[in-house]
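Heads up, the thing below is written out as structure tokens.
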Amino acid sequence: MSQDDEVEASRAMLDELNSWSREVCRRELPSVLPRLLSMYQHSESWIEHIRILKIIIDMFLPHMNHLTLEQTLFSQILPKTIKLFDGMMYELNTQAGELSSQNLEIQVTLRNILQTMVQILGGLTGCVQHVCTTQDSIILENIHSLPSSILHIIKETFVHCKNTESLYSGSLHLVSDLLQTLFREAYSLQKQLMELLDMVCIGPSVDENNIFLMVEVIHSLLDICSVISSMDQAFHANTWKFIIKQSLKHQSVIKNQLKHKEIISSLCEDIVFSFHSCLQLAEQMTQSAPQDNADYRIFQKTLKLCRFFANSLLHYTKEFLPFLSDSCCILHQLYLQIYSKFPPSLHAASISKAQQEEIAGNFLVVLDPLISQLLTTQPFVQAVLDNKLDLPCELQLPQVLLLLVVMDKLPSQPKDIQNLWCTEATARMSLLKAIFYSFEQCSGELSLTAHLQEVKHKGQAEVSVTLYQHVCVHLCAFVASFHPSLFPELDAALLNAVLSTNMTTSLLAMDVWCFLASDSFKCHRYGTAELGLHHVTLVAHLIKSCPGECIQLTNLSILLKRLFFFMAPPHQVEFIQKFSPKAADNFPLWQCISFQALPADLRKQAACDAIRGCTVHCMKWLNSSHTLAELDSLNTALSVLLTVCNSAGDALDIRQRTTVIEVVGQLWAFINIQQVISQPYVQQTFCLLLQLLASFIQTVDPKLISQVVTLLTSLLKLEPPDHVSLAVLDFISSLGRLFIPLSIQEKVLPNLSCILALLLASGNWLLEQLTLEAFTQFAEGTNHEEIVPQCLSSEEIKNKVVAFLEKTGFVDETEAARVDYVKQEKGTSWESTAKVTVEAANGSVLQPCTKRARRELPFEEEYRAAFQAAAEALETTELLLQQAPAPPWLLTELDALQERVEKLKCCIPEGNT
């Protein structure tokens, strides 16, 4: 028989089968089905394929044994069906670009292909429906070809539908009706398949093949989820619901084979995508004047989807937590990404308060139990506290908030979990250290005073607090419940933070440390007040061992001053005995301790000892060689005197005050303008003397006041460093309370107006602001009103003063502009510059230093540096001789120096002279 004859015979047979009754089909099934399957395998026509498939499914499938469907039917027809469908999809994808209203042939071809694909999907739907109606409980292995084939076809269909805009370009409308039908058929087929899979039974005794098949089905549906995520929200959610349901239903047998990381990652991506969509809708509603009910319904629907995904993640995480070690970084990033787009983050969307509360109450609330579940997981601890965690600026605030959430939960956890979070390991920080580190990175939120909602007491309404307050309160609450065995970690973290170069971080650590040191807390938690003495003694030793001036020394000094107030009087006595204020080596401590912290009797004795020790030290300097090298210790003594005068108050008697004024007057005689301009130690001495004079301004000799004011006028004309100008400003402010005696008015008053005019003309914004404040107070309090208009030497200065008095701003900056500026500022960290500077100082800079230009003579630069230093020393001596009598030893030293100069001249060859 020829091929044409076979084709005709096949068609005749198919025509005949169409007329068979149900009973005939059942009877003839054994003989006809093999022929139909053979025809299906060998047919080359798409139309004939579909016709045969329809006859098999509609007429013969109902009569087949459901236990043998896989062997007799599905394994026979489905591979060919997939091949047929893939071929059609290939034709669609390759010819779709040629579709146009003018090309009717392509249009007909593509529509025929789409109609055929719809029929294939319909035939597969019939297979699924038959299995569902004939079986109560399904063994997946008995039909394993069916779900795998259907899922492949469904995915390819959804991918094509998703890409239609780019595939069909401007001609999509020519086939859009059939594409919609195709999508609906695939949608319906998947729903039917999920109903079938819901009937699958996998018991503990099931074989490995059935387990593998179910895992394969779940992973295939996961792939489909990624395709339909942006196509149909409800369908997407239902697919996820089914994935989670089946994963949990068969958890006991498939838990080891599921791709948990992929499932977690996909869920997190869908959460973030839905959350961003929710924020965009909320932002649109905020920007539009009247609230659109339709927009609000879409917003609520999207928010509901966010909550669904979050609950799905929560449920999945709870059940499969032991298998999520490699997903903890993803879950950590999810939390950070969500909170980076929500107030008070600088990168948050601009949404109304009402929408913020809705999102927080319906979606963000689900993230809290998620953190509770992950709290006991070591990989999550590692992910959150990783030493190498290099977060961008926008994620630093969310990191702080996450760490605080963890910290709030720890007190209810067992000791081993607290220990896991609160101790450092090789590759991770401790929780407390991480909080301080991340807090330090939130400069933008701190400078713009970001606010968070905090509940003060249970049952009370929320109040708005700053980020600093929020972190401080939660840290103190944590310290109050801290397990005593972890106290060394707390101690180390607080000290490390106090020594931070970031002022705000250091102050935060001090606040927490002072809470720890408070008697009411300390006695309840850690036994006795001995802890306070231990801390103060520790800080005191650190201050004494600190080399030179640095920010860390300043921080420790502030901490010592604050902690001293929490010491019990007996311990204060013990401290004074151990660190006597009379001893010069203890001056670094007493310059930062407030005498107000001492009881009245102890304060008077300590102040007396400090003044005696400091004045003796000052007199030793006056009677010595007055070297610049010794100025450091002199300055420390003066600083202690200033502290005593400012904080001891009435504890000082007339004799002690007089002693201090006399010493200051003698030291002032050695002040030289040129040294104040160039020598940092002299600058410090100068500032301290000015402050001491200001403290006793009412009793200072008028002649000394006249000398000081004259010197200050000359000094300011030379543009000294800003901190020197600030000291001058403080001194001038004190003169506002003083009536200038007639004997010196003629000399002092013109100089006062000149000084104020020079300070008001300063280019430094801080100095200018403080000068305006001081000038206003001076003008309001002085008895010499005639010099006030003399200070306003120019129209520019007058305008500044008027603007200050009227509280007029010079720049009208919007809130958005301030936020943008701070964002840019956060991107450039001053710490990176500081690190480079330190590396350069240590000789570890990668770039080589620029080579010096070669000199004709070796060591010429060294010669010049040495000679310049000698010349400056002689110039300083000359200036000192102009201000005070020469000491007896000076002439002898000059003669010895001249002899050395003559010897040096003899060492120089005649040709070089």
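The values are calculated or read from the model by the stated rules, or taken from the named source; none is laboratory data. In this text, all values refer to a predicted model and were calculated from it rather than measured experimentally. Heads up, the Cβs are rebuilt from the backbone with ideal geometry, glycines too, and the neighbour counts pull from every protein chain shown.
Structure notes:
- Consider segment 228-270 and keep the residues that are basic (Lys, Arg), assigned to a helix (DSSP H, G or I) and in contact with a helix residue (DSSP H, G or I) (Cβ under 8 Å, 6 or more places away or on another chain). The one that is farthest from Lys301 (Cα to Cα) is Lys261.
- Glu165 fulfils the conditions (1) within 21 Å of Lys245 (Cα to Cα); (2) surrounded by fewer than 20 Cβ atoms within 10 Å (Cβ to Cβ) except for a single criterion, (1).
- Top-ranked residue in segment 123-137 [being buried (at least 19 other Cβ atoms within 10 Å of the Cβ) and β-branched (Val, Ile, Thr); ranked as farthest from Leu67 (Cα to Cα)]: Thr125
- With a requirement of 2 or more residues that are modelled with pLDDT of 80 or more and more than 38 Å from the chain's Cα centre (by Cα), the helices (runs of 4 or more DSSP H) lying completely within segment 714-821 that satisfy it span 722-735, 742-760, 765-781, 795-805.
- Unmet requirement for Glu105, which otherwise passes all of (1) assigned to a helix (DSSP H, G or I); (2) within 60 Å of the chain's Cα centre (by Cα); (3) free of Cβ contacts under 8 Å to residues at least 24 places away in the same chain: (2)
Yes or no, residue by residue, for (1) in contact with a Cys (Cβ under 9 Å, 6 or more places away or on another chain); (2) of a type in the set (A, V, I, L, M, F, W, C); (3) buried (at least 19 other Cβ atoms within 10 Å of the Cβ):
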| site | (1), (2), (3) |
| --- | --- |
| Tyr339 | no, no, yes |
| Ser345 | no, no, yes |
| Lys353 | no, no, no |
| Glu357 | no, no, no |
| Asn362 | yes, no, no |
| Pro369 | no, no, no |
| Val384 | yes, yes, yes |
| Asn387 | no, no, no |
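- When the residues of segment 420-440 are filtered to those that are within 15 Å of the chain's Cα centre (by Cα) and free of Cβ contacts under 8 Å to residues at least 60 places away in the same chain, the one that is surrounded by the fewest Cβ atoms within 10 Å (Cβ to Cβ) is Tyr437.
- Checking each residue in segment 290-341 for being among the aromatic types (Phe, Trp, Tyr) and in contact (Cβ under 8 Å) with a residue 60 or more places away in the chain picks out Phe308, Phe309, Tyr316, Phe320, Phe323, Tyr335, Tyr339.
- Among the residues listed as Ser226, Ser266, Ser288, the single one being of a type in the set (S, T, N, Q), in the same structural domain as Leu121 (by TED's automatic domain parsing) and under 38 Å from the mean Cα position of the chain (by Cα): Ser226
- Lys388 being of a type in the set (Lys, Arg) and part of a helix (DSSP H, G or I): no
- There is at least one residue in segment 592-608 that is assigned to a helix (DSSP H, G or I), within 43 Å of the chain's Cα centre (by Cα) and surrounded by 21 or more Cβ atoms within 10 Å (Cβ to Cβ).
- Qualifying position, being in a helix (DSSP H, G or I) and touching a residue at least 40 places away in the same chain (Cβ under 8 Å), among Ile576, Ile558: Ile558
- Screening His236, His250 for residues that are buried (at least 16 other Cβ atoms within 10 Å of the Cβ), in contact with a Ser or Thr (Cβ under 8 Å, 6 or more places away or on another chain) and within 30 Å of Leu140 (Cβ to Cβ) leaves exactly one candidate, His236.
- Test: residue in segment 140-162 that is farther than 19 Å from Trp46 by Cα, at pLDDT below 95, out of contact with any helix residue (DSSP H, G or I) (no Cβ under 7 Å at 6 or more places or on another chain) and outside any helix (DSSP H, G or I): no
- When the residues of segment 132-175 are filtered to those that are under 22 Å from Leu61 (Cβ atoms) and charged (D, E, K, R), the one that is farthest from the chain's Cα centre (by Cα) is Asp136.
- Residue in segment 490-500 that is in a loop (DSSP other than H, G, I, E, B), within 30 Å of Gln453 (Cβ to Cβ) and modelled with pLDDT under 95 present: yes
- Filter pass, Pro581 being in contact (Cβ under 8 Å) with a residue 12 or more places away in the chain and not in a helix (DSSP H, G or I): yes
- Cβ-Cβ under 7 Å pairs, at least 6 apart or on other chains, segment 1-27 side over 19 Å from Tyr40 (Cβ atoms), far side at pLDDT 85 or above: Arg26/His63
- Tally, over segment 561-573, of residues that are free of Cβ contacts under 8 Å to residues at least 40 places away in the same chain, crowded, with 18+ Cβ neighbours inside 10 Å and part of a helix (DSSP H, G or I): 3
- Residue in segment 86-93 that is under 20 Å from Asn142 (Cα atoms), surrounded by fewer than 14 Cβ atoms within 10 Å (Cβ to Cβ) and not hydrophobic (A, V, I, L, M, F, W, C) present: no
- Matching residues in segment 518-566 - criterion: being at pLDDT 85 or above, within 18 Å of Cys476 (Cα to Cα) and within 31 Å of the chain's Cα centre (by Cα): His535, Leu559, Arg562, Leu563
- Val128 vs. criteria β-branched (Val, Ile, Thr), assigned to a helix (DSSP H, G or I), more than 27 Å from His173 (Cα to Cα) and modelled with pLDDT of 90 or more: yes
Let's see how each residue does on (1) over 46 Å from the mean Cα position of the chain (by Cα); (2) of a type in the set (D, E, K, R); (3) at pLDDT 90 or above:
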{"residue": "Arg612", "(1), (2), (3)": "yes, yes, yes"}
{"residue": "Val616", "(1), (2), (3)": "yes, no, yes"}
{"residue": "Thr627", "(1), (2), (3)": "yes, no, no"}
{"residue": "Asp632", "(1), (2), (3)": "no, yes, no"}
{"residue": "Ser639", "(1), (2), (3)": "no, no, yes"}
{"residue": "Gly649", "(1), (2), (3)": "no, no, no"}
{"residue": "Asp653", "(1), (2), (3)": "yes, yes, no"}
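- Residue-level analysis places Ile50 among those that are crowded, with 19+ Cβ neighbours inside 10 Å, modelled with pLDDT of 85 or more and not assigned by TED's automatic domain parsing to the domain that holds Val118.
- Selection status of Ser19, assigned by TED's automatic domain parsing to the domain that holds Leu172, over 22 Å from Glu156 (Cβ atoms), part of a loop (DSSP other than H, G, I, E, B) and not hydrophobic (A, V, I, L, M, F, W, C): no
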